[in-house]
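The values are calculated or read from the model by the stated rules, or taken from the named source; none is laboratory data. Quantities reported herein were computed from a predicted structural model and do not represent experimental measurements. Quick reminder, even Gly has a Cβ in these numbers, built from the backbone with ideal geometry, and neighbours come from all protein chains shown.
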Amino acid sequence: MTKYPTYKDSGIEWLGQIPTHWEMLKAKYMFQKNKREVQDGDKVITCFRDGQVTLRENRRTTGFTESITEIGYQGIRKGDLVIHQMDAFAGAIGVSDADGKGTSVYHCCTPKGEYLTYYYAHVIREMALKGYIQSLYRGIRERSSDFNYVTFGNCLLPVPSPSEQRQIVAYLDYKSNKINERICQRERELQTLSELKQAEIAAVVTRGLDPNVPMKKSGIEWLGKIPAHWEVRKIKNCLQERSEKGYPNEPILCATQSRGVIPQDMYDNRVVVVNKDFDKLKLVKCGDFVISLRSFQGGIEYAYYQGIISAAYTILTPKDKRNSEYFKHLFKSHDFIQLLQTCVTGIREGQNINYAMLAKHFIPIPPIEEQQKIVLYIKNRLYVIDEYIAKLKTEINYLQEYKQRLISDVVTGKVDVRGVEIPNEE
């Protein structure tokens with residue numbers, strides 16, 4: 001890719017060198033912050049961390065803190081540069097694609113001159129992703145602090161010519177759309193493989209490996225027919241609860257849908273960290289099963305390690321340890337998850353699976369030798385599928401990183417796109 005002929009030092013650490021003919025100007029001379037009245041019929045607009053600013057209903061309608069009254073809302077118009085004062089550090093900066101209303105947590109800006117909001121949304125997001133936005137916060141805690149708009153107004157921003165700003169935005173739109181198309185294609189393939197993986201597991205744990213074996217009615221509504229030589233048993237006759245406590249020196253575990261029950265320090269995502277009353281936590285042994293608050297969504301979690309875990313969870317251990325590996329896959333199968341969802345109690349959906357209800361249900365029990373063959377088949381088959389899945393995830397990550405690096409290089413002037421012809425694909 002082509003660089004500009006000459007560069008100069010911008011004097012700004014996050015920005016570095018810029019093309020010689022670019023100017024630098026304080027943000028307060030380029031944009032004004034608006035506080036508009038809400039119009040009748042305005043729908044709620046949300047500024048997301050990926051930079052999209054759109055009607056909330058276009059993305060999702062749950063998981064938000066709802067305002068009880070209209071007080072505090074402001075009007076947002078299509079084309080406004082919107083900065084989320086609490087989430088700007090994470091990239092919640094973009095241009096609204098619709099008219100609507102948003103809370104006072106948003107800074108809604110319009111240009112004072114020929115400053116393209118779409119270009120400066122990229123620039124300010126670049127500031128955020130490089131960590132510079134965090135230095136503009138006031139307050140102690142990251143999420144409770146405000147994006148200080150007055151301080152931001154004194155920040156110097158790069159100023160290419162208006163025509164160059166338009167060319168940069170058009171180029172990035174074209175390239176981003178192409179990259180996004182590739183990402184979406186790979187994500188569809190990933191979804192297909194994941195569904196194939198789950199379907200294969202479900203088939204062999206409930207039907208076995210031999211498609212020609214005689215079948216019989218299981219008498220279990222969620223299960224249907226099973227091989228004629230298989231048994232069915234109540235869950236309470238296959239597993240027993242473990243409620244042992246008083247092991248404060250054991251490692252703290254967390255129950256995850258993606259990786260089973262593992263030590264907290266092995267899990268990258270945010271979890272509630274326990275720092276007291278370790279002797280009141282329940283003991284979990286390798287090969288046990290944990291019913292957590294998310295088990296109704298993705299099945300019962302298998303314990304790969306010994307340790308201690310929340311006393312709110314139900315810990316189950318197979319009466320016959322030889323069943324453990326087979327149960328690991330059965331308890332994650334789609335049909336079994338559907339069964340779990342019929343045993344949910346509590347005020348909020350998914351808060352608790354009532355084990356007393358679940359324990360009365362029946363599950364299929366193949367002969368031990370057949371269980372071992374099923375487990376081995378799944379292991380070998382999943383290895384092949386998981387290899388493809390890993391490759392797809394690697395490519396998706398690469399494409400996302402490439403897109404962000406491209407945006408960074410172009411908006412900061414490290415790459416010259418002035419002479420690039422952009423195809424008209426309308």
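For (1) modelled with pLDDT of 95 or more; (2) of a type outside the set (Ser, Thr, Tyr); (3) at negative phi; (4) under 23 Å from the mean Cα position of the chain (by Cα), each residue gets a yes or a no:
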site: Phe278; (1), (2), (3), (4): no, yes, yes, no
site: Ile291; (1), (2), (3), (4): no, yes, yes, yes
site: Arg294; (1), (2), (3), (4): no, yes, yes, yes
site: Gly299; (1), (2), (3), (4): no, yes, no, yes
site: Ser310; (1), (2), (3), (4): no, no, yes, no
site: Ile347; (1), (2), (3), (4): no, yes, yes, no
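Quick check: anything in the range 9-25 under 17 Å from Ile93 (Cα atoms), surrounded by fewer than 14 Cβ atoms within 10 Å (Cβ to Cβ) and not hydroxyl-bearing (Ser, Thr, Tyr)? No, the range 9-25 contains no residue that is under 17 Å from Ile93 (Cα atoms), surrounded by fewer than 14 Cβ atoms within 10 Å (Cβ to Cβ) and not hydroxyl-bearing (Ser, Thr, Tyr).
Does the range 381-388 include one or more residues that are under 26 Å from the mean Cα position of the chain (by Cα), outside the structural domain of Ser295 (by TED's automatic domain parsing) and closer than 30 Å to Lys8 by Cα? The answer is no; no qualifying residue exists. Taking Val82 as the residue in question, decide whether it is over 23 Å from Ser135 (Cβ atoms), modelled with pLDDT of 95 or more and either outside any loop (DSSP other than H, G, I, E, B) or not assigned by TED's automatic domain parsing to the domain that holds Gly131 (or both). In short, no. If you filter the range 100-129 down to residues that are hydroxyl-bearing (Ser, Thr, Tyr) and assigned to a loop (DSSP other than H, G, I, E, B), you find that the one that is modelled with the highest pLDDT is Tyr115. A count restricted to the range 221-261 and to residues that are of a type in the set (Val, Ile, Thr) and more than 24 Å from Gln371 (Cβ to Cβ) stands at 2.
Just to be sure before I move on: is Tyr355 surrounded by 13 or more Cβ atoms within 10 Å (Cβ to Cβ), aromatic (Phe, Trp, Tyr) and over 24 Å from Val204 (Cβ atoms) in the structure I sent? It is true that Tyr355 is surrounded by 13 or more Cβ atoms within 10 Å (Cβ to Cβ), aromatic (Phe, Trp, Tyr) and over 24 Å from Val204 (Cβ atoms). Looking at (1) under 25 Å from Leu193 (Cβ atoms); (2) free of Cβ contacts under 8 Å to residues at least 60 places away in the same chain, which is the only condition Arg405 fails? Unmet condition: (1).
Is there a residue in the range 219-235 that is farther than 30 Å from Ile308 by Cα, in contact (Cβ under 8 Å) with a residue 24 or more places away in the chain and out of contact with any Pro (no Cβ under 9 Å at 6 or more places or on another chain)? So far as the range 219-235 goes, yes, one or more of its residues are farther than 30 Å from Ile308 by Cα, in contact (Cβ under 8 Å) with a residue 24 or more places away in the chain and out of contact with any Pro (no Cβ under 9 Å at 6 or more places or on another chain). Checking the stated criteria, Gln198 turns out not to satisfy the condition of being out of contact with any Phe, Trp or Tyr (no Cβ under 9 Å at 6 or more places or on another chain), without any contact (Cβ under 8 Å) to a residue 24 or more places away in the chain and more than 30 Å from Leu81 (Cβ to Cβ).
One residue stands out in the range 371-402 among those that are modelled with pLDDT of 95 or more and acidic (Asp, Glu): the one that is farthest from Lys197 (Cα to Cα), namely Glu401. The strands (runs of 3 or more DSSP E) located wholly in the range 1-52 that include 2 or more residues which are within 19 Å of Ala121 (Cβ to Cβ) and within 33 Å of the chain's Cα centre (by Cα) occupy 31-34, 45-47.
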